[in-house]
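The values are calculated or read from the model by the stated rules, or taken from the named source; none is laboratory data. None of the values given here were measured: they were computed from a predicted structure. Here the Cβ positions follow ideal geometry from the backbone for every residue, glycine too, while neighbour counts run over all protein chains shown.
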Amino acid sequence: MKTAFTILLALALTPLAQAQQNKQQQSQKPLAGTDRIRFEPTYTLIDSGKWSGKRLPDGQPDVEGHWSNTVGNHNNWTDPQGGIPGDPAPPRKPLGPRAERAPSRVTDPASGEVPFQPWAKAAQEDFLKNFHNPTQPQYIEPLARCAPAGVPKSFIWHGYEIRQYPGYVVFLFNSGTRIIHLDGKPHLPSSIKLWNADSRGHWEGNTLVVDVTNNNSKALFGRTGEFASENVHITERYIFSADGQRYNYVATFDDPSVYTRPWTATIPAKRRTEKDAVDGWHYEVALNQAGKQSVIERDERICTENNIGFGHVAVTPAPR
(Lines give C-alpha, C1' and ligand atoms only; values in the text may rest on other atoms or scores of the structure.)
Protein backbone atom coordinates (compact mmCIF):
# COMPACT_ATOMS: atom_id res chain seq x y z
CA MET A 1 0.00 0.00 0.00
CA LYS A 2 1.33 3.41 -0.90
CA THR A 3 1.90 5.85 1.91
CA ALA A 4 0.53 9.40 1.78
CA PHE A 5 4.08 10.66 1.28
CA THR A 6 4.59 8.34 -1.71
CA ILE A 7 1.39 9.57 -3.28
CA LEU A 8 2.39 13.19 -2.81
CA LEU A 9 5.80 12.47 -4.26
CA ALA A 10 4.29 10.79 -7.29
CA LEU A 11 1.94 13.70 -7.87
CA ALA A 12 4.81 16.15 -7.69
CA LEU A 13 6.64 14.25 -10.42
CA THR A 14 3.78 13.80 -12.89
CA PRO A 15 3.50 16.07 -15.93
CA LEU A 16 -0.08 16.84 -14.93
CA ALA A 17 1.00 18.10 -11.53
CA GLN A 18 3.81 20.09 -13.09
CA ALA A 19 1.42 21.66 -15.57
CA GLN A 20 -0.93 22.60 -12.75
CA GLN A 21 1.95 24.13 -10.82
CA ASN A 22 2.99 26.17 -13.87
CA LYS A 23 -0.60 27.31 -14.34
CA GLN A 24 -0.78 28.43 -10.72
CA GLN A 25 2.50 30.28 -11.00
CA GLN A 26 1.37 32.03 -14.18
CA SER A 27 -1.85 33.13 -12.52
CA GLN A 28 0.18 34.64 -9.71
CA LYS A 29 2.48 36.67 -11.95
CA PRO A 30 0.19 39.73 -12.24
CA LEU A 31 0.17 39.96 -8.45
CA ALA A 32 3.96 39.91 -8.20
CA GLY A 33 5.93 43.12 -8.28
CA THR A 34 8.31 44.01 -11.07
CA ASP A 35 11.23 44.94 -8.85
CA ARG A 36 13.59 42.12 -9.77
CA ILE A 37 15.78 41.07 -6.87
CA ARG A 38 19.38 41.99 -7.53
CA PHE A 39 22.25 41.43 -5.16
CA GLU A 40 23.82 44.63 -3.96
CA PRO A 41 27.62 45.15 -4.00
CA THR A 42 27.55 47.22 -0.80
CA TYR A 43 25.41 47.76 2.27
CA THR A 44 25.01 50.33 5.02
CA LEU A 45 25.88 49.61 8.63
CA ILE A 46 22.97 50.19 11.00
CA ASP A 47 23.65 51.54 14.47
CA SER A 48 22.02 50.17 17.59
CA GLY A 49 19.75 52.70 19.26
CA LYS A 50 16.18 53.49 20.16
CA TRP A 51 13.25 51.94 18.34
CA SER A 52 10.78 54.55 17.08
CA GLY A 53 8.65 52.30 14.90
CA LYS A 54 5.50 50.28 15.50
CA ARG A 55 5.36 47.94 18.47
CA LEU A 56 3.39 44.79 19.09
CA PRO A 57 0.97 44.52 22.05
CA ASP A 58 3.66 42.82 24.17
CA GLY A 59 6.07 45.71 23.56
CA GLN A 60 8.33 44.08 20.98
CA PRO A 61 9.39 46.14 17.96
CA ASP A 62 7.22 44.95 15.09
CA VAL A 63 9.57 43.31 12.59
CA GLU A 64 7.22 40.60 11.33
CA GLY A 65 7.33 39.83 7.65
CA HIS A 66 9.38 38.31 4.87
CA TRP A 67 13.10 38.95 4.58
CA SER A 68 16.12 37.92 2.55
CA ASN A 69 19.78 38.85 2.48
CA THR A 70 20.95 41.43 -0.04
CA VAL A 71 24.48 40.44 -1.06
CA GLY A 72 24.58 36.81 -2.20
CA ASN A 73 23.45 33.25 -1.61
CA HIS A 74 25.21 30.43 0.22
CA ASN A 75 27.73 29.57 -2.50
CA ASN A 76 30.67 31.46 -1.02
CA TRP A 77 31.03 32.63 2.57
CA THR A 78 33.89 35.13 2.21
CA ASP A 79 33.20 36.26 -1.37
CA PRO A 80 29.38 36.32 -1.51
CA GLN A 81 29.21 37.21 -5.20
CA GLY A 82 32.27 35.24 -6.26
CA GLY A 83 30.72 31.87 -6.98
CA ILE A 84 32.18 28.58 -5.78
CA PRO A 85 35.95 28.32 -6.36
CA GLY A 86 36.76 25.52 -8.77
CA ASP A 87 33.25 25.40 -10.24
CA PRO A 88 33.45 23.32 -13.47
CA ALA A 89 30.48 25.29 -14.85
CA PRO A 90 31.15 28.91 -13.81
CA PRO A 91 28.71 31.73 -14.65
CA ARG A 92 28.86 32.92 -18.25
CA LYS A 93 29.09 36.53 -17.14
CA PRO A 94 32.60 37.42 -15.90
CA LEU A 95 32.75 38.17 -12.20
CA GLY A 96 34.77 41.33 -12.58
CA PRO A 97 37.29 42.69 -10.05
CA ARG A 98 36.93 41.53 -6.45
CA ALA A 99 36.71 45.15 -5.27
CA GLU A 100 33.48 45.60 -7.24
CA ARG A 101 31.75 42.68 -5.54
CA ALA A 102 30.15 42.56 -2.11
CA PRO A 103 32.61 42.41 0.80
CA SER A 104 33.26 39.29 2.83
CA ARG A 105 30.65 38.36 5.40
CA VAL A 106 33.56 38.19 7.83
CA THR A 107 33.78 41.78 9.08
CA ASP A 108 36.27 41.14 11.87
CA PRO A 109 39.13 40.41 11.34
CA ALA A 110 39.70 43.00 8.62
CA SER A 111 41.22 40.34 6.33
CA GLY A 112 37.70 39.00 5.72
CA GLU A 113 38.82 35.46 6.46
CA VAL A 114 37.69 33.12 9.22
CA PRO A 115 40.63 32.86 11.69
CA PHE A 116 40.89 29.08 11.55
CA GLN A 117 43.47 27.07 13.40
CA PRO A 118 45.77 25.30 10.88
CA TRP A 119 44.00 21.93 11.15
CA ALA A 120 40.58 23.58 10.67
CA LYS A 121 41.75 25.58 7.67
CA ALA A 122 43.07 22.38 6.10
CA ALA A 123 39.71 20.68 6.71
CA GLN A 124 37.83 23.58 5.10
CA GLU A 125 40.10 23.56 2.06
CA ASP A 126 39.81 19.78 1.75
CA PHE A 127 36.01 20.02 1.65
CA LEU A 128 36.12 22.76 -0.98
CA LYS A 129 38.59 20.83 -3.12
CA ASN A 130 36.23 17.86 -3.22
CA PHE A 131 32.90 19.70 -3.27
CA HIS A 132 32.30 19.47 -7.02
CA ASN A 133 33.20 15.79 -7.23
CA PRO A 134 32.47 14.24 -3.84
CA THR A 135 33.84 10.72 -3.54
CA GLN A 136 33.12 10.35 0.18
CA PRO A 137 30.08 11.26 2.30
CA GLN A 138 31.90 14.03 4.19
CA TYR A 139 32.26 15.98 0.94
CA ILE A 140 28.51 16.22 0.39
CA GLU A 141 27.08 19.38 1.83
CA PRO A 142 24.45 18.55 4.50
CA LEU A 143 21.95 20.99 3.00
CA ALA A 144 22.15 19.07 -0.29
CA ARG A 145 20.77 16.11 1.67
CA CYS A 146 17.89 18.31 2.85
CA ALA A 147 19.26 18.76 6.36
CA PRO A 148 18.53 22.08 8.10
CA ALA A 149 20.78 24.94 6.98
CA GLY A 150 21.56 25.82 10.60
CA VAL A 151 23.13 28.93 12.10
CA PRO A 152 24.06 31.17 10.32
CA LYS A 153 23.51 29.67 6.85
CA SER A 154 19.71 29.85 7.06
CA PHE A 155 19.95 33.62 6.61
CA ILE A 156 21.44 33.29 3.11
CA TRP A 157 19.16 30.61 1.68
CA HIS A 158 15.84 31.24 -0.15
CA GLY A 159 14.61 34.01 2.15
CA TYR A 160 12.57 33.48 5.31
CA GLU A 161 9.71 34.79 7.42
CA ILE A 162 9.83 36.35 10.88
CA ARG A 163 6.82 35.92 13.14
CA GLN A 164 6.47 37.27 16.67
CA TYR A 165 4.49 36.07 19.65
CA PRO A 166 4.48 37.17 23.29
CA GLY A 167 7.81 35.95 24.61
CA TYR A 168 9.08 34.57 21.30
CA VAL A 169 10.54 35.45 17.91
CA VAL A 170 10.14 32.68 15.33
CA PHE A 171 12.05 32.26 12.07
CA LEU A 172 10.42 30.16 9.37
CA PHE A 173 13.21 29.02 7.07
CA ASN A 174 13.01 26.91 3.93
CA SER A 175 14.93 24.23 5.79
CA GLY A 176 13.52 24.39 9.31
CA THR A 177 12.18 26.56 12.10
CA ARG A 178 14.10 28.47 14.73
CA ILE A 179 12.56 29.76 17.97
CA ILE A 180 14.17 32.54 19.99
CA HIS A 181 12.94 32.57 23.60
CA LEU A 182 12.47 36.00 25.17
CA ASP A 183 11.01 34.71 28.43
CA GLY A 184 14.23 34.36 30.42
CA LYS A 185 14.28 30.56 30.40
CA PRO A 186 17.75 29.01 30.79
CA HIS A 187 19.45 27.21 27.93
CA LEU A 188 18.87 23.51 27.38
CA PRO A 189 21.30 21.07 29.04
CA SER A 190 24.64 21.10 27.24
CA SER A 191 24.21 17.45 26.26
CA ILE A 192 21.36 18.40 23.88
CA LYS A 193 22.59 19.58 20.48
CA LEU A 194 20.31 20.98 17.77
CA TRP A 195 20.67 21.82 14.07
CA ASN A 196 19.33 25.33 14.71
CA ALA A 197 20.92 25.53 18.16
CA ASP A 198 19.22 26.92 21.29
CA SER A 199 18.50 30.65 21.37
CA ARG A 200 17.74 33.00 24.28
CA GLY A 201 17.24 36.66 23.50
CA HIS A 202 16.07 40.10 24.57
CA TRP A 203 15.43 43.46 22.93
CA GLU A 204 17.71 46.47 23.42
CA GLY A 205 15.98 49.29 21.54
CA ASN A 206 16.13 48.46 17.83
CA THR A 207 18.36 45.44 18.43
CA LEU A 208 17.43 41.85 19.17
CA VAL A 209 20.34 40.38 21.14
CA VAL A 210 20.49 36.57 21.12
CA ASP A 211 22.72 34.13 22.98
CA VAL A 212 23.16 30.93 20.94
CA THR A 213 24.41 27.61 22.33
CA ASN A 214 23.77 23.86 21.94
CA ASN A 215 24.65 23.91 18.24
CA ASN A 216 25.31 20.46 16.78
CA SER A 217 27.43 22.25 14.10
CA LYS A 218 26.67 19.65 11.45
CA ALA A 219 25.64 22.42 9.05
CA LEU A 220 28.28 24.37 7.17
CA PHE A 221 28.29 28.14 6.67
CA GLY A 222 28.42 27.87 2.88
CA ARG A 223 29.44 25.68 -0.01
CA THR A 224 33.00 26.84 0.62
CA GLY A 225 33.06 24.67 3.75
CA GLU A 226 33.54 27.09 6.67
CA PHE A 227 32.37 25.55 9.93
CA ALA A 228 32.27 25.61 13.73
CA SER A 229 32.31 22.82 16.33
CA GLU A 230 29.75 21.81 18.95
CA ASN A 231 31.65 24.07 21.35
CA VAL A 232 30.78 27.27 19.47
CA HIS A 233 29.14 30.12 21.35
CA ILE A 234 27.45 32.71 19.16
CA THR A 235 26.27 36.17 20.19
CA GLU A 236 23.85 37.58 17.62
CA ARG A 237 22.64 41.14 17.16
CA TYR A 238 19.76 41.80 14.77
CA ILE A 239 19.95 45.57 14.26
CA PHE A 240 16.85 47.00 12.56
CA SER A 241 16.70 50.30 10.69
CA ALA A 242 14.33 53.02 11.89
CA ASP A 243 11.92 52.47 8.99
CA GLY A 244 11.83 48.71 9.60
CA GLN A 245 12.82 47.94 6.01
CA ARG A 246 16.31 46.57 6.62
CA TYR A 247 18.40 44.97 9.30
CA ASN A 248 21.95 43.79 9.82
CA TYR A 249 22.65 40.39 11.31
CA VAL A 250 25.89 40.80 13.26
CA ALA A 251 27.16 37.64 14.98
CA THR A 252 30.32 36.94 16.94
CA PHE A 253 31.60 33.35 16.89
CA ASP A 254 33.70 32.13 19.79
CA ASP A 255 35.10 28.60 19.49
CA PRO A 256 38.65 28.10 20.87
CA SER A 257 38.65 24.53 19.59
CA VAL A 258 38.45 25.70 15.96
CA TYR A 259 39.44 29.38 15.73
CA THR A 260 42.49 31.32 16.86
CA ARG A 261 40.28 34.16 18.11
CA PRO A 262 36.61 35.21 18.20
CA TRP A 263 35.40 36.68 14.90
CA THR A 264 32.37 38.53 13.58
CA ALA A 265 30.10 38.03 10.57
CA THR A 266 27.66 40.55 9.11
CA ILE A 267 24.73 39.66 6.85
CA PRO A 268 22.54 42.55 5.61
CA ALA A 269 18.85 41.80 5.01
CA LYS A 270 15.92 43.56 3.39
CA ARG A 271 12.18 43.27 3.91
CA ARG A 272 10.29 41.74 0.98
CA THR A 273 6.65 42.49 0.11
CA GLU A 274 4.15 41.87 -2.67
CA LYS A 275 5.89 44.66 -4.59
CA ASP A 276 8.96 42.46 -5.05
CA ALA A 277 9.12 39.97 -7.89
CA VAL A 278 8.96 36.38 -6.70
CA ASP A 279 12.41 34.83 -6.94
CA GLY A 280 12.87 31.11 -6.36
CA TRP A 281 16.32 31.55 -4.84
CA HIS A 282 15.94 34.69 -2.77
CA TYR A 283 12.22 35.36 -2.26
CA GLU A 284 10.65 31.94 -2.60
CA VAL A 285 6.96 32.60 -2.03
CA ALA A 286 3.60 32.48 -3.77
CA LEU A 287 1.46 35.61 -4.02
CA ASN A 288 -2.23 34.83 -3.79
CA GLN A 289 -5.16 37.22 -3.96
CA ALA A 290 -7.59 37.12 -1.02
CA GLY A 291 -10.27 39.65 -1.82
CA LYS A 292 -8.48 42.97 -2.28
CA GLN A 293 -5.44 41.84 -0.31
CA SER A 294 -2.35 40.03 -1.60
CA VAL A 295 -1.39 37.17 0.71
CA ILE A 296 2.20 35.96 0.74
CA GLU A 297 2.48 32.20 1.26
CA ARG A 298 5.36 29.74 1.37
CA ASP A 299 5.13 26.40 -0.43
CA GLU A 300 5.26 23.13 1.46
CA ARG A 301 8.53 21.38 0.75
CA ILE A 302 8.85 17.63 0.15
CA CYS A 303 12.63 17.57 0.22
CA THR A 304 13.74 14.24 1.62
CA GLU A 305 17.10 12.54 1.21
CA ASN A 306 17.29 10.38 -1.93
CA ASN A 307 13.81 11.40 -3.04
CA ILE A 308 13.56 14.88 -4.50
CA GLY A 309 15.27 18.24 -4.14
CA PHE A 310 14.30 21.66 -2.82
CA GLY A 311 13.06 22.78 -6.22
CA HIS A 312 9.82 20.80 -6.05
CA VAL A 313 6.63 21.25 -4.07
CA ALA A 314 3.64 19.08 -3.32
CA VAL A 315 0.75 20.09 -5.56
CA THR A 316 -2.81 18.94 -6.17
CA PRO A 317 -3.58 17.76 -9.74
CA ALA A 318 -6.10 19.74 -11.71
CA PRO A 319 -9.62 18.29 -11.84
CA ARG A 320 -10.40 16.38 -15.02
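Observations on the model:
- The residue of the range 104-151 that is farthest from the chain's Cα centre (by Cα), among those that are assigned to a strand (DSSP E or B) and not aliphatic (A, V, I, L, M), is F116.
- Residue match in the range 73-80 (condition: in a loop (DSSP other than H, G, I, E, B), at pLDDT 95 or above and touching a strand residue (DSSP E or B) at 6+ places or on another chain (Cβ under 8 Å)): yes
- Candidates in the range 191-214 are the residues that are aliphatic (A, V, I, L, M) and assigned to a strand (DSSP E or B); of these, the one that is farthest from A228 (Cα to Cα) is L208.
- Only one entry of S104, S111 meets the criterion of being within 29 Å of V250 (Cα to Cα), surrounded by fewer than 17 Cβ atoms within 10 Å (Cβ to Cβ) and at pLDDT 95 or above, and that entry is S111.
- Inspection of the range 76-94 identifies at least one residue that is without any contact (Cβ under 8 Å) to a residue 40 or more places away in the chain and either of a type in the set (A, V, I, L, M) or more than 30 Å from V285 (Cβ to Cβ) (or both).
- Among (1) over 30 Å from P166 (Cβ atoms); (2) at pLDDT 95 or above - the single one R55 does not satisfy: (1)
- Just one of the listed residues (Q124, Q138) is more than 20 Å from I179 (Cβ to Cβ), polar (S, T, N, Q) and modelled with pLDDT under 95, namely Q138.
- Matching residues in the range 218-232 - criterion: being in contact with a Pro (Cβ under 9 Å, 6 or more places away or on another chain), surrounded by 15 or more Cβ atoms within 10 Å (Cβ to Cβ) and over 15 Å from T107 (Cβ atoms): A219, L220, G222, T224
- Of all residues assigned to the range 179-194, none qualifies as being at pLDDT below 95 and either surrounded by 14 or more Cβ atoms within 10 Å (Cβ to Cβ) or within 20 Å of the chain's Cα centre (by Cα) (or both).
- Residue that is of a type outside the set (D, E), touching a residue at least 60 places away in the same chain (Cβ under 8 Å) and over 30 Å from W119 (Cβ atoms), where the choices are V285, V295: V285
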